[in-house]
1. So is Leu11 surrounded by fewer than 17 Cβ atoms within 10 Å (Cβ to Cβ), aliphatic (A, V, I, L, M), without any contact (Cβ under 8 Å) to a residue 40 or more places away in the chain and more than 24 Å from Met330 (Cα to Cα) or not?
2. Residues in region 191-226 that are assigned to a loop (DSSP other than H, G, I, E, B), modelled with pLDDT under 95 and surrounded by 15 or more Cβ atoms within 10 Å (Cβ to Cβ): how many?
3. Taking the stated definitions as given, is Ile296 surrounded by fewer than 19 Cβ atoms within 10 Å (Cβ to Cβ) and out of contact with any Cys (no Cβ under 8 Å at 6 or more places or on another chain)?
4. With the requirement that a residue be open to solvent by 40 Å² or more (accessible area, probe 1.4 Å) and free of Cβ contacts under 8 Å to residues at least 60 places away in the same chain, what does region 234-259 give you?
5. Condition first: small (Gly, Ala, Ser), more than 21 Å from the chain's Cα centre (by Cα) and either at pLDDT below 90 or in a loop (DSSP other than H, G, I, E, B) (or both). Can you find one or more residues in region 99-108 that meet it?
6. With the condition kept exactly as written, say whether any residue in region 304-322 is touching a Cys at 6+ places or on another chain (Cβ under 7 Å), more than 25 Å from Asp98 (Cα to Cα) and β-branched (Val, Ile, Thr).
7. Could you say whether any residue in region 260-269 is closer than 21 Å to Gln9 by Cα and either touching a residue at least 12 places away in the same chain (Cβ under 8 Å) or buried (at least 22 other Cβ atoms within 10 Å of the Cβ) (or both)?
8. Residues of region 96-109 being open to solvent by 10 Å² or more (accessible area, probe 1.4 Å) and not aliphatic (A, V, I, L, M), which ones?
Amino acid sequence: MDCNLSDEQLLLKETVRRFVNEELIPLEAEYRPEAEAMPDKYLRPLQKKAKSIGLWLLDIPKEYGGADLDLLTRCVISEEIGRTVVIPYRINEVFGPDVRPPLLYCKGEQKEKYLYPVLNGEKRMCFALTEPDAGSDPASMQTRAVRDGDDFIISGTKRFISGAGYAQFAQVWALTDPEKRARGGITSFLVDMDTPGVNLTRQQPTMMGDSPWEIVFDNVRVPVANVLGEVGQGFAITQEWLTDGRVRCHGSQSVGMAQRALEMMMDYAQNRVTFGKPLSERQIIQFMIADSAMEIHAARLMVHECAWRYDRGENVRDTSYMVKITCTEMASRVVD
């Protein structure tokens, strides 16, 4: 593996860093995301500027007007995005509408009703996978979808669903064969949020500023035509996206958070004077800064190596777990 980024990636990294420094960080004094979509007065001008410099629909295939960037390049971008709190941790619409890749499995009329409206910014969606007793182990989900003629009837509860409060539809995962479960027994559905039986029951505030929703599906009738992909294919089509997210979001974005914290601590240590000396001359502070720099460097290399292997077509599911845990815990220590 060549540990050096390409000239194109380095140029992109500098472009995104400049965009973050000049357009996003200055907004931090007046806007922090709190469980809602970014207000249009901030979002629209930012989208216009991002689109003008080619930062648009980063992971969407070119046939749909996207940049179709590989994972390593998107990790480079995500690290720079992680340096600001203006962009929500889970839902980033600054570089284009939030299109979760499983939606690309839409076919026929589904594209007209769901995919294209999201790509055009006319609709928003949410991703309903996690359940009260099936978070880190989604294969143990209990939400059921039972075939009834030309429909499926969905019943169950989903929890920690970001963006559900302002989404027009949800991608919902449910058991269609309890015996097979992850091996062909879980199916993905496109469910309109105004369908009878879909109930937003409560929000759950988190320390990261997000307040995801709990959704209860009470005998929700969904047409067979709203199956995303094929019946029983749901678990397979979501796992690839989750692996991508672990590396890009929890991995590289956490590195960006830690990098911003390191920059702030170094600046503060040089300017804060106690007992006649700046903090930067206190050995215990130097240790903290040095330890943080080492941890960030190690985590960044871990992210890049995992993303590089993913782009080569290797199975990095297990490695992505390691990246997620390592980088998030590292960022917490650096911030502390």
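1. The answer is yes for Leu11.
2. As a first pass, look at region 191-226 and keep what is assigned to a loop (DSSP other than H, G, I, E, B): 193-197, 204-212.
Imposing the further condition that a residue be modelled with pLDDT under 95 reduces the set to 204-212.
From what's left, surrounded by 15 or more Cβ atoms within 10 Å (Cβ to Cβ): 210-212.
Count: 3.
3. Taking the combined requirement at face value, the residue does not satisfy it.
4. Ala236
5. Yes, the conditions are met somewhere in region 99-108.
6. Yes, region 304-322 contains a residue that is touching a Cys at 6+ places or on another chain (Cβ under 7 Å), more than 25 Å from Asp98 (Cα to Cα) and β-branched (Val, Ile, Thr).
7. yes
8. Hits for region 96-109 are Pro97, Asp98, Arg100, Pro101, Tyr105, Lys107, Gly108, Glu109.
The values are calculated or read from the model by the stated rules, or taken from the named source; none is laboratory data. Here the structure is a predicted model, which means the values were calculated and not measured. In this analysis, Cβ positions are derived from the backbone assuming ideal geometry, glycine residues included, and neighbour counts consider all displayed protein chains. Accessible surface areas use protein heavy atoms only, side chains included; no ligands, DNA or RNA. Shrake-Rupley method; radii C 1.70, N 1.55, O 1.52, S 1.80 Å.
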